[in-house]
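Structure first, commentary second.
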Amino acid sequence: MRVSVIIVHYQVKDLLRNCILSIQKYFQGFEYEIIVVDNNSPNSDWKTLMSEFSGVNFISLDKNFGFSKANNIGVNSAKGEYVYILNPDTEIEGDYFKEILDFADSKEKFGALGLRMHNLEGEFLPESKRSVPDLVNSFEKLFTSFSNNTKTYYRNDVDEFGIAEVEVMTGANLLIKKSVYEEIGGFDEQYFMYGEDIDICYTILQHGYRNFYYGKYSILHYKGESTIYDKEYLNRFFGAMDIFIKKYYKNQKPIQYVIMKMGLRVRYLAEEIKIKFKN
């Protein structure tokens with residue numbers, strides 16, 4: 001088994017169906033499996049997909065455990081040499097995945113890889129390639145956007161259609177060597193949603209492996225179809241960032257930690273005000 005596709009699902013049945021169909025259409029020339037982990041979706045109509053896709057391994061959870069734990073549960077059942085963490089609101093767009101697997105095989109100390117992503121309008125999604133958050137690029141992420149070709153948070157120095165080593169890719173499409181995934185302990189389950197992709201990519205690097213951005217090929221990402229932008233979203237998103245800086249900066253770089261925590265708090269309050277005015 002070359003690759004196990006792990007899809008954590010929550011309440012986007014039609015998008016999940018399209019995602020599975022795209023995998024079945026374009027995954028050619030290698031053995032693969034699809035594992036869908038449903039995070040206790042309130043609407044159970046997704047279960048009709050079980051009969052439509054009898055070859056897919058569906059795992060139904062009795063509560064919403066969040067993205068990290070649900071992926072870990074899925075990977076625990078995986079038989080593939082690689083695991084491909086994939087959002088249900090994505091679609092594979094071509095017969096290119098064997099080339100990607102061959103690329104991964106060819107790289108010494110391969111850890112993880114992410115493809116270029118674009119939205120429904122064809123616009124490039126910059127979270128496809130990123131840096132590990134630090135004091136400078138966190139300021140860029142929270143408060144402004146640097147439009148030059150320097151190594152910013154969104155790696156403006158790497159061509160969106162290029163292939164390069166980067167630090168962080170998105171958890172919406174993340175190919176990881178299964179042995180590496182198991183060595184590092186998978187996703188940190190402190191993260192319910194958001195931030196877990198930054199953490200796992202950084203952890204892979206800390207274990208001496210290499211991460212790659214593969215911009216030669218793209219996937220469609222509808223992005224945020226199951227996300228409600230409310231106070232709960234704010235708490236989860238900024239809470240995830242707080243977990244990350246506490247984990248990696250509080251003891252090692254306390255001054256940076258205090259400044260970054262203040263920045264997070266300011267941006268959180270600004271977003272909270274926006275939500276109140278919308279409502």
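Just so it is clear, none of the values below were taken in a lab; they were calculated from the coordinates. Fair warning: this is a prediction, and the values are worked out from it, not measured in the lab. In this analysis, Cβ positions are derived from the backbone assuming ideal geometry, glycine residues included, and neighbour counts consider all displayed protein chains.
Here are some notes:
- Rounded to the nearest 5, the antiparallel percentage of DSSP beta bridges internal to the chain is 40%.
- The charge dipole of segment 1-41, taken about its Cα centre with unit charges on the Cβ of Lys, Arg, Asp and Glu (plus for the first two, minus for the last two), comes to roughly 120 debye.
- Here the relative contact order of the chain, from alpha carbon pairs under 8 Å that lie six or more residues apart, stands at 21 percent.
- FRET efficiency, residue 95 to residue 31 (Cβ-Cβ, R0 22 Å, nearest 0.05): 0.90
- Candidates 23, 259, 73, ranked by Gaussian network fluctuation over the chain, Cα under 10 Å, top entry: 259
- Base-10 log of normalised Debye intensity for segment 1-75 (one unit scatterer per alpha-carbon) at q = 0.12, 0.14, 0.15 Å⁻¹: -0.31, -0.42, -0.48
- For the chain, the longest principal axis of the C-alpha atoms and the axis of helix 67-76 are separated by about 40°.
- Magnitude of the charge dipole, segment 1-91, Cβ model with Lys/Arg +1 and Asp/Glu -1, debye to 20: 120
- Against the chain, whose longest principal axis is taken from its Cα atoms, helix 196-206 shows a tilt of about 90°.
- Taking every alpha-carbon pair in the chain and binning the separations at 10 Å intervals from zero gives 6, 28, 37, 22, 6, 0 percent.
- Electrostatic dipole magnitude of the chain [Cβ: Lys, Arg +1; Asp, Glu -1; Cα centre; debye, to 20]: 880
- Estimated inter-spin distance, residue 272 and residue 258, nm [label 7 Å along Cα→Cβ]: 2.2
- To the nearest ten degrees, helix 231-248 and the longest principal axis of the Cα atoms of the chain are 80 degrees apart.
- Distance between modelled label sites at residue 62 and residue 24, nm, 7 Å Cα→Cβ extension: 3.1
- Helix content alone sets the calculated 222 nm mean residue ellipticity of the chain: runs of n ≥ 4 DSSP H residues at -39500 (n - 2.57) each, divided across all residues, give -12000 deg cm²/dmol.
- Converting the Cα gyration tensor eigenvalues of segment 28-134 into ellipsoid dimensions via √(5λ) gives semi-axes, longest first, of 26, 19, 16 Å.
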